[in-house]
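Below you'll find the structure, written out as structure tokens, and then a few comments.
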Amino acid sequence: MENNVLLTMRGITMTFPGVKALDNVDFTLRKGEIHALMGENGAGKSTLIKCLTGINAFEAGEIHVDGIQGPVVNHSTLDAQKKGISTVYQEVNLCPNLSVAENLYIGREPMTRFGTINRRKMIQGAQKIMQELDINIDVTENLENFSLAIQQMIAIARAVDMDCKALILDEPTSSLDDNEVEKLFVLMNKLKAQGVGIVFVTHFLEQVYAVCDRITVLRNGQLVGEYPIEDLPRVKLVAAMMGKDFDDLASIKSDEVVDYSNADVYIDAKGLSHKGTIKPFDFLLHKGEVVGLCGLLGSGRSELARVIYGADKAQTGTMKVNGKEVKINAPIDAMNLGMGLLPDDRKAEGIIGELSVRENIILAMQAKRGVFRLLPMSKQIEIADEYIKLIQIKTASKETLIKQLSGGNQQKVILARWLATNPDFLVLDEPTRGIDIGTKTEIQKLVLQLAGEGKSIIFISSEIEEMLRTCSRMVVLRDGAKVGELTGELTQNRVMQAIAGGADK
Amino acid sequence: MSTIKKLTKNTLFLPIFCMILVMAANILYDAASGNFAFNFFTISIRNGVLYGRLIDVLNRGSEIAILAVGMTLVVSASAGTDISVGSVMSLSASMCCMLLAGFGVASASELQVPLIVGFAAGVLMGCVCGAFNGFLVAYLEIQPMVATLILYSAARAIGLLLCNNLIVYIRAGSFAKLGGFTGPIPTPIIVAVVCVVVMILILKKTALGLYIQSVGINKKASRIAGLNSQRIIMLCYIICGLCAGLAGIVNASRITSADSNNIGLNYELDAILSVALGGNSLGGGKFNLLGSIIGAYTIQAITTTLLALGVSTSEAPVYKAIIVIAIVVIQSPVFKDYLNKRSAKRAARARG
Ligand SMILES: Nc1ncnc2c1ncn2[C@@H]1O[C@H](COP(=O)(O)OP(=O)(O)OP(=O)(O)O)[C@@H](O)[C@H]1O
Ligand SMILES: [Mg+2]
């Protein structure tokens, strides 16, 4: 082994029923480098990581870790941890019903002299860890009470806090805002300086160029190559991942500013609120309009949309849909009015893990039809096939369990679920979370196409560029309250200023 | 994939395999003790009705099979078990017999109300109990085990009150029909078959199965997708109660009396076990109704076999426990994983 190499994986091969997830893949991680692992949805990135940490049993290949004689086979995440490999998986896998402090210290709780858990020390330690990341939360509260972004930060904090030689981050930034990403990068650079090797998976290309030293690209389970960052500019990286040239930055929306204020009103909400999440707000949405919700983490972006949809029941205020006063007590009421909501937390609120792709796609549609009007199987198959093709869901078959799909492909299935209901109004909360650049552009185009058909859309994304590409108006939120709106020509600067609390109104 | 592998991957493989194991034990025993080897399967006609060990298993297993139908849904939707079904059986039987005999009457040969009213009241009683359990679990979000513990201990006692602390005998011949014979066939078998078939039809023709599994797997996501998880869980408990009521009156008819202290005693355990033996996870979510039914008859087959082997009723539970442990271990994910990893390793070695 070269003397600065931390770990090598050679000829890793692994098959799932119906899919060759990895085919003879090599990967090398060196000390003090940040190494991007790139590829489209379903390319095999997470699978490669899980082979390393012992969650997946690979069929062929060898893993060598610096300082350990002979090939290494880990049997569990814990096993890998003992060898200095610390991992944050794509889906946050902490315990929702334990406190933040307990989650941070699971499996390595500080003990008292009497062999019981030293709670005080644990809580103090947890507070310190979170403060270092500049996150001010009550560490004794249950994890499930926090947003996905905070949970993701907690998962990262936990992994980082353990002494490790190699840190593996599988899409850690998928639901983080620029601010948190910045914090994470500072942390990563600090670890890098200490000689830790970091594997970084992301679909955000700017982030790759901001911190990484080296890139390994996978495509369809095969290794495309390993490149120093200088040798692989953005265009080439995209081509390597997709196997063809593609301009992901090309404009998809006409630059002309469209004024919707004369269009038919779809939703007219007055004084809606939900205790503890969002203060009373007014909201007007026209037909054919795409409105973006922007604000810092915890500003109430998702919460505003959830109140409209009835995912959190509105406690005050009135709402008119198509001019008629309506009362929404539960999501099904909203659905019957033609609404849909793609939630940001895919694992907790999106997928029904043990059901098949087909069942997941038709679920909302079936719920709308009611229990007695079962969609005929032939129709179910037709719909599933249609959407698998339309948004290119990569799955072995439509009967594959959704939990066996790669993260990005799960996201596409949930999107398909809502498209299948043919809604008049759709809330898309981080719709492109974990989705690769090619498909991301496809989805953005789809959003504009839906709007063109007269459908109204609320678009929420932690990525401002993405909203600029699709939205014609932005609602600005701060601390759980709607503080303003941006119309006219939207620019990155204007939006950033508004979010930070600048004057632009 | 080879045919064998395809076969073993089928969800019903293990339940059926276990069933066959129990039957094989019967064959071996009979052969070893010099009897006709297929004694277990011989069906003859005596006194105009079907007779044989297999018929006995099917007949006596009816109540467990009926209970298993409801239990499967409850387990799937709420990731918990309804431990009150045995007691609810008893309460339903008491309700039915009390109405038929009149309050405070210990033995009646004249029915006070039409038979159908008595039966309906018994089944309805089961539904009410199920609704009570369902309300606690779905709306008050009490742990299923705790919620159903209430009726587990109370239902039997309420039944005893209804019967004025008596064992109420119904001596009218029509009452015994449900637990007796229809032509040559034991009626409980017919009731169980109808119950199972109706449920299968409901699951096939409506979206109930999808709803139940969806709620059982991920309640939050189901809600966002437009399902009313509370109503669905409630419905499952009501169906479970209905099944318990039905099993209760079948059992009462079998013994032509409402013996509150003994009807349905420990049946909840058999019902839960059926679901587990059927390859269903007690953690909720996906379910396989046929698996549970096979599980129910497997349990009865074990019991009948043990009794046929001359094991006394008091010792039988011990042997039953040993067999059940073996079956459950075979089906456990850890064991399956172990087998999978072993075959993967062997395949890897074969490739070199
Ligand atoms: N548990 C599983 N069972 C069956 N197939 C699986 C399983 N996990 C992953 N796969 C398949 O393996 C392939 C690679 O998946 P993987 O999760 O590694 O993709 P990925 O590169 O991480 O994609 P994404 O960017 O969407 O997260 C996919 O085709 C997926 O369907
Ligand atoms: Mg992945």
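The values are calculated or read from the model by the stated rules, or taken from the named source; none is laboratory data. Everything numeric in this text was worked out from a predicted model, so none of it was measured. When we count neighbours, we look across all protein chains shown, and the Cβ atoms used for this are built from the backbone with ideal geometry, even at glycine. For the accessible areas, the whole protein counts, side chains as well, though only heavy atoms, and no ligand, DNA or RNA atoms are used. Shrake-Rupley method; radii C 1.70, N 1.55, O 1.52, S 1.80 Å.
Structure values in brief
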| quantity | calculated |
| --- | --- |
| Sole exception among (1) under 25 Å from A:L223 (Cα atoms); (2) among the aliphatic types (A, V, I, L, M); (3) more than 14 Å from ligand 1 (Cβ to nearest atom) for A:A57, by number | (3) |
| Single residue of the range A:414-425 satisfying the filter (within 14 Å of another protein chain (Cβ to nearest Cβ) and outside any loop (DSSP other than H, G, I, E, B)) that is farthest from ligand 1 (Cβ to nearest atom) | A:A420 |
| Residue tally, condition modelled with pLDDT of 80 or more, polar (S, T, N, Q) and within 23 Å of B:G279 (Cα to Cα), over the range B:298-352 | 5 |
| Selected residue (only one of B:I212, B:I200, B:I189 is part of a helix (DSSP H, G or I) and surrounded by 21 or more Cβ atoms within 10 Å (Cβ to Cβ)) | B:I212 |
| Residues of the range A:486-505 satisfying the condition of being among the hydroxyl-bearing types (S, T, Y) and surrounded by 21 or more Cβ atoms within 10 Å (Cβ to Cβ) | none |
| Test: residue in the range A:394-402 that is within 12 Å of ligand 1 (Cβ to nearest atom) and open to solvent by less than 10 Å² (accessible area, probe 1.4 Å) | yes |
| Qualifying residue in the range A:40-53 (condition: at positive phi and within 16 Å of ligand 2 (Cβ to nearest atom)) | yes |
| A:E144 vs. criteria within 14 Å of chain B (Cβ to nearest Cβ) and either in a helix (DSSP H, G or I) or within 16 Å of ligand 2 (Cβ to nearest atom) (or both) | yes |
| Residue count for the range B:122-145, restricted to those that are surrounded by fewer than 19 Cβ atoms within 10 Å (Cβ to Cβ) and touching a Gly at 6+ places or on another chain (Cβ under 9 Å) | 5 |
| Condition met for A:S378 (away from every other protein chain (no Cβ under 11 Å), at pLDDT 95 or above and surrounded by fewer than 20 Cβ atoms within 10 Å (Cβ to Cβ)) | yes |
| Residue list for the range A:402-445, restricted to those being aliphatic (A, V, I, L, M) and within 16 Å of ligand 2 (Cβ to nearest atom) | A:I402, A:L405, A:V413, A:I414, A:I435, A:I437 |
| Yes/no for B:G241 being part of a helix (DSSP H, G or I) and over 23 Å from B:S92 (Cβ atoms) | no |
| Test: residue in the range A:53-73 that is within 14 Å of chain B (Cβ to nearest Cβ), in contact with a Cys (Cβ under 6 Å, 6 or more places away or on another chain) and of a type outside the set (A, V, I, L, M) | yes |
| Every residue from the range A:266-324 that is of a type in the set (V, I, T), more than 20 Å from A:L337 (Cα to Cα) and open to solvent by 10 Å² or more (accessible area, probe 1.4 Å) | A:T277 |
| Residues that are aliphatic (A, V, I, L, M) and either over 27 Å from A:I435 (Cα atoms) or open to solvent by 40 Å² or more (accessible area, probe 1.4 Å) (or both), drawn from the range A:469-485 | A:A481, A:V483 |
| Residue that is more than 14 Å from chain A (Cβ to nearest Cβ), open to solvent by 70 Å² or more (accessible area, probe 1.4 Å) and over 30 Å from A:W418 (Cβ atoms), where the choices are B:R156, B:R171 | B:R171 |
| Only listed residue being over 25 Å from the mean Cα position of the chain (by Cα), surrounded by fewer than 19 Cβ atoms within 10 Å (Cβ to Cβ) and at the interface with chain B (Cβ under 9 Å from one of its Cβ atoms), chosen from A:G338, A:G370, A:G353 | A:G370 |
| Pairs where the first residue, in the range A:392-413, is within 14 Å of another protein chain (Cβ to nearest Cβ) and the second is within 6 Å of ligand 1 (Cβ to nearest atom) and assigned to a helix (DSSP H, G or I), C-beta under 8 Å, 6+ apart | A:A396/A:Q404 |
| Tally of residues being open to solvent by 10 Å² or more (accessible area, probe 1.4 Å) and closer than 23 Å to A:L337 by Cβ across the range A:356-366 | 1 |
| Selection count, the range A:151-170, where residues are open to solvent by 10 Å² or more (accessible area, probe 1.4 Å) and either within 15 Å of ligand 1 (Cβ to nearest atom) or among the hydrophobic types (A, V, I, L, M, F, W, C) (or both) | 4 |
| Residues of the range A:78-104 satisfying the condition of being within 16 Å of ligand 2 (Cβ to nearest atom), out of contact with any Asp or Glu (no Cβ under 7 Å at 6 or more places or on another chain) and within 27 Å of A:N4 (Cα to Cα) | A:T87 |
| Residues within the range A:357-367 that are more than 10 Å from chain B (Cβ to nearest Cβ) and of a type outside the set (V, I, T), tallied | 1 |
| Exclusive hit being more than 10 Å from chain A (Cβ to nearest Cβ) and closer than 25 Å to B:L12 by Cβ, set B:Y211, B:Y267, B:Y237 | B:Y267 |
| Failed condition for B:V275, given (1) under 15 Å from the mean Cα position of the chain (by Cα); (2) modelled with pLDDT of 95 or more | (2) |
| Residues of the range A:77-94 that turn out to be over 25 Å from A:I435 (Cα atoms) and in a loop (DSSP other than H, G, I, E, B), as a count | 2 |
| Considering residues of the range A:12-28 that are more than 14 Å from ligand 2 (Cβ to nearest atom) and over 15 Å from A:C51 (Cα atoms) only, the residue nearest to the other protein chains (Cβ to nearest Cβ) | A:P17 |
| Which numbered condition A:I435 misses (of (1) hydrophobic (A, V, I, L, M, F, W, C); (2) within 14 Å of chain B (Cβ to nearest Cβ); (3) part of a loop (DSSP other than H, G, I, E, B)) | (2) |
| Single residue of the range A:432-446 satisfying the filter (among the polar types (S, T, N, Q) and within 14 Å of ligand 1 (Cβ to nearest atom)) that is modelled with the lowest pLDDT | A:T439 |
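Quick grid of which residues meet (1) part of a loop (DSSP other than H, G, I, E, B); (2) buried (at least 20 other Cβ atoms within 10 Å of the Cβ); (3) near ligand 1 (Cβ under 9 Å from one of its atoms):
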{"residue": "A:N41", "(1), (2), (3)": "yes, yes, yes"}
{"residue": "A:L48", "(1), (2), (3)": "no, yes, yes"}
{"residue": "A:I68", "(1), (2), (3)": "yes, no, no"}
{"residue": "A:H75", "(1), (2), (3)": "yes, no, no"}
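Here's the yes/no breakdown for (1) touching a Pro at 6+ places or on another chain (Cβ under 7 Å); (2) in the same structural domain as A:I215 (by TED's automatic domain parsing); (3) in a loop (DSSP other than H, G, I, E, B):
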{"position": "A:H35", "(1), (2), (3)": "no, yes, no"}
{"position": "A:P71", "(1), (2), (3)": "no, yes, yes"}
{"position": "A:K121", "(1), (2), (3)": "yes, yes, no"}
{"position": "A:I129", "(1), (2), (3)": "no, yes, no"}
